[in-house]
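Step one of this worksheet: look at the structure below.
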Amino acid sequence: MKEKVEYISDEKKKKEVHLTDAYTDLFITEGDINEVNHEHEILKIDSAFKPQKSQDRPIKCNDVFSLNKKKKKIVLTKGIAGIGKTISVHKFILDWTEGKANQDIDFVFLLPLRKINCIKDREINLHEILQIFNPELQGLETLKRNKIYSYKLALIFDGLDESRLTLDFDSGMVANVKERSSVDQLFSSLVNGTLLPSALVWVTSRPAAANQIPPEYVGLFTEVRGFTDQQNEEYFRKRIKDETQASRIISHIKKSRSLYIMCYIPMFCWLIATVLQHFSTGNNTENINPTLTEMYIHFLLIQMNMKSQKCDRKTERERTKLLGSNKTTILKLARLAFEQLKKENIVFYEEDLKACGIDVSEDFESTGMLTEIFQKEAGLHEMKVFCFVHLSVQEFLAAVHVFLCYLNKNMEELQFFIEEPQNRGRYFFLPQLKLHKTHKNIALPKLLKKAVKKAMQSQKGHLDLFLMFLLGISLETNQKLLRGLFTNTEESKYSATEVTQYITEQLKSQDISPETSINMFYCLLELKDNSLNTEIQRYFRSSPGRNLSSSMCSLLAYTLMMSEDVLDEFNLNMYETTWGGYMSLLPVVRCCRKAKLSSCKLNDTCCETVALALQIPNSPMIELDKSHNDLQDSGVKLLSERLKNPNCQLKILRLAGCTLTGQCCEFFASVLQSSNSRLIELDMSVNYLQDSGVKLLSDGLKSANCQLEILRLSICRVTDEGSGYLASALCLNPSHLRELDMSFNNLGESGVKMLSNLLNDQNCTLNKLDVEQCK
């Protein structure tokens, strides 16, 4: 068992790396089984942007069974492709084999569901399945083999999304390890506790497939949310041994909003590290801020260049020659990617490769060109299982295939884009009809619009990322990068305006789903359309009552942030959603000048997300309104600490009705005394500040560094004593404050008089004083 998980391949270094040396902890939390959704997984970023709440206690992969307190219930872990589910399973097993954790478990069995597919049509019992995956069991005497089931067992099924099993929990349950049945029923029986009820069962899955397991069978539901900021930096430093180079790459990623967002997914960290390491050798990472399509093109080129250097280290091949020399194999793999994408398959078998003209020994193993793009896994009984290293790589190559079909006028392959669906079941888009004459030479804009329409018609969204890549490849700049694969590109020159206008017209439809809308925004990103933010705002303003799920809010946040543009205003109240939805949208404050977050049921834990936005390099935010939220002193303390950061540009801060006490005034006094503070307007009305708080705040007003021009302290339970503190402070530093609101406080005549006298003081800049209802 240890041999199966101890090493991971490092293709760049042509060797295997010990898992312990490469492993970086992941952010795993307990999730809500009822949130398992049916929505699209297009770069799904709930994980990246869910603020870490106090109840979001991180879970170590070694603790999943000990935290499951419900007997006869399984552990179900979800996470998007490339997020780290499999490596978490391997780390669990490695630590168990080395005696570091879970020593109360006697036997652990790893059962990858992609390999179980190889025996899915057989009548078999559980005992035989375990022997197939663990041949060493066959050497045991019968008595010892039978005795195993009296021990504490853990069965780990990795990759439910890769399974081709049909699950049925209502009939045909199996209760005996020696009873033969279909693999489907054996797995279902283990999950519902009929078979081996004392065994520990752990299933991992991508979100879309996790709903195959009914909630009543799940004792602990966890979610792998990828890397935190600290974890992805740790990952880069482990992978890139040159500290200077690692620091330079990390710095560049932090400056690029799009790259920074992508790095919560470990697989993207690996891909980005590969690309930026290549570019940083020439010290030119500063100019690399690619779209998703450009990143994958660079990745493909780098992988091929590595293979060429392996054969001829003295020759630096030109990109065109590099693509040309490997064109045959790339095209075969691209065709495979497209054919299997249409069938929604992410794992394939030797017959699938042969159908695309791929000879495993000649095209795959001898060239070795795509070993880091295309993984081969040992299956059962010499049957081999194949997959791309990540689903997105398959979708990228599928887009390459379709664009080549257009260039080569292979209209038969493009037919499913052109023909209208006619009730064709699951694979409604597969070609059924002969192509009409008029489609012999379809123009590129028309083809792309047809592809947009086809992706929008897809119920599962499995063509969404593929569409983004196809549109990205259609740009002339990206075609130049792929010259060598693409020839005769003269006919492919077009203005993207026609396609972007078509997409924006689709966005105006009242029938378009939120999921589809978000993918259309992604497509505008890939087409480098400058109207993206305008279209996003128009889309949501067109239906102000539109109700958005938390996942859709996450996707909207991602789209806004990936654009690299700065919003003039971000108003959280314009979106109809749940509290969780507001939390998912909150990170958008990183890319806006004015953030209006009033009355959104935010609490003190939400302040960390906003506070971090204030200190990022080139922070654009100059105005923040968080009024009428239960922030409390603890939340405001987090904000005040960031207001002193040199990167913070905030000038206007409104915190009316935020359940604050006089204690928070000490924090703001410190801000006003800071040489880095740019605050010119502060509203702390409708809070329980009292005279003690005003006294603390006055210490800040006295500072020569204070630039405050407007101060609002209405309804703060201040008396004439507090008026005295303010009057004294403004006499000592009279050159900034122009407006003071003390309305609806119990100042009394003496308090009002002390402040009113400042209006007549020629040395004092105060010219507006509101003392309504203060006597």
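The values are calculated or read from the model by the stated rules, or taken from the named source; none is laboratory data. Every value quoted in this text rests on a predicted model; they were computed, and no experiment measured them. Ideal geometry is used to build each Cβ from the backbone, glycine not excepted, and the neighbour counts take in all protein chains shown.
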Inside the range 456-487, can you point out the residues that are of a type in the set (S, T, N, Q) and within 20 Å of LEU507 (Cβ to Cβ)? GLN457, SER458, GLN459, SER474
On the given criteria, is LEU301 modelled with pLDDT under 85, assigned to a helix (DSSP H, G or I) and in contact with a Gly (Cβ under 6 Å, 6 or more places away or on another chain)? no
One residue is enough: does the range 703-714 have a residue meeting the conditions outside any loop (DSSP other than H, G, I, E, B) and farther than 18 Å from ALA656 by Cβ? no
Within the range 458-477, the residues that are touching a helix residue (DSSP H, G or I) at 6+ places or on another chain (Cβ under 7 Å), closer than 23 Å to ASN488 by Cα and outside any helix (DSSP H, G or I) are SER474
The residue that is surrounded by the most Cβ atoms within 10 Å (Cβ to Cβ), considering only those in the range 55-77 that are charged (D, E, K, R) and farther than 23 Å from THR20 by Cα, is LYS73
Does the range 606-618 include one or more residues that are within 22 Å of SER531 (Cβ to Cβ) and free of Cβ contacts under 8 Å to residues at least 40 places away in the same chain? no
With GLY219, GLY226 as the choices, which residue is assigned to a loop (DSSP other than H, G, I, E, B) and either surrounded by 18 or more Cβ atoms within 10 Å (Cβ to Cβ) or at pLDDT 90 or above (or both)? GLY226
All positions within the range 236-249 that are without any contact (Cβ under 8 Å) to a residue 40 or more places away in the chain and either outside any helix (DSSP H, G or I) or crowded, with 19+ Cβ neighbours inside 10 Å (or both): PHE236, ILE240, LYS241, ASP242, ALA246, ILE249
What pairs come out if I take residues in the range 337-358 that are outside any loop (DSSP other than H, G, I, E, B) and pair them with residues that are among the small types (Gly, Ala, Ser) whose C-beta lies under 6 Å away, six or more apart or interchain? ALA337/ALA398; PHE338/ALA398; LEU341/ALA398
May I ask you to verify whether GLU344 is modelled with pLDDT under 85 and surrounded by fewer than 18 Cβ atoms within 10 Å (Cβ to Cβ)? yes
If we keep just the residues of the range 647-672 that are surrounded by fewer than 23 Cβ atoms within 10 Å (Cβ to Cβ) and of a type in the set (Val, Ile, Thr), which is nearest to the chain's Cα centre (by Cα)? ILE652
Heads up, the helices (runs of 4 or more DSSP H) in the range 515-589 (entirely inside) with at least 3 residues that are modelled with pLDDT under 75 are 532-542, 550-562
Do we have any residue at all in the range 650-659 that's at pLDDT below 95, under 20 Å from GLY700 (Cα atoms) and hydrophobic (A, V, I, L, M, F, W, C)? no
Got a sec? Which of VAL385, VAL389 is modelled with pLDDT under 85, buried (at least 16 other Cβ atoms within 10 Å of the Cβ), more than 25 Å from ASN478 (Cβ to Cβ) and touching an Asp or Glu at 6+ places or on another chain (Cβ under 7 Å)? VAL385
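Here is a yes/no grid of residues against (1) assigned to a helix (DSSP H, G or I); (2) charged (D, E, K, R):
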{"position": "CYS648", "(1), (2)": "no, no"}
{"position": "LEU653", "(1), (2)": "no, no"}
{"position": "GLY657", "(1), (2)": "no, no"}
{"position": "GLU666", "(1), (2)": "yes, yes"}
{"position": "ALA669", "(1), (2)": "yes, no"}
{"position": "SER675", "(1), (2)": "no, no"}
{"position": "LEU682", "(1), (2)": "no, no"}
{"position": "SER692", "(1), (2)": "yes, no"}
{"position": "LEU697", "(1), (2)": "yes, no"}
Just the residues that are hydrophobic (A, V, I, L, M, F, W, C), in a loop (DSSP other than H, G, I, E, B) and closer than 20 Å to ILE680 by Cβ, please, taken from the range 765-775. LEU766
Check GLU233 against each of (1) assigned by TED's automatic domain parsing to the domain that holds ILE74; (2) of a type outside the set (A, V, I, L, M); (3) assigned to a helix (DSSP H, G or I) and name the one condition it does not meet. (1)
It is to be established whether one or more residues within the range 739-760 are in contact with a Pro (Cβ under 9 Å, 6 or more places away or on another chain) and farther than 30 Å from GLN615 by Cα. yes
Selection count, the range 703-723, where residues are surrounded by fewer than 19 Cβ atoms within 10 Å (Cβ to Cβ) and either among the acidic types (Asp, Glu) or farther than 18 Å from SER627 by Cβ (or both): 6
Within the range 724-738, residues among the hydroxyl-bearing types (Ser, Thr, Tyr) and either in a helix (DSSP H, G or I) or buried (at least 19 other Cβ atoms within 10 Å of the Cβ) (or both) come out as TYR725, SER728
Pick from the range 72-126, criterion touching a Lys or Arg at 6+ places or on another chain (Cβ under 6 Å) and part of a helix (DSSP H, G or I), ranking: nearest to ILE346 (Cα to Cα): ASN117
Members of the range 1-41 that are modelled with pLDDT under 70 and assigned to a helix (DSSP H, G or I): GLU11, LYS12, LYS13, ILE33, ASN34, GLU35
Could you tell me how many of the residues in the range 739-764 are surrounded by 15 or more Cβ atoms within 10 Å (Cβ to Cβ) and part of a loop (DSSP other than H, G, I, E, B)? 6
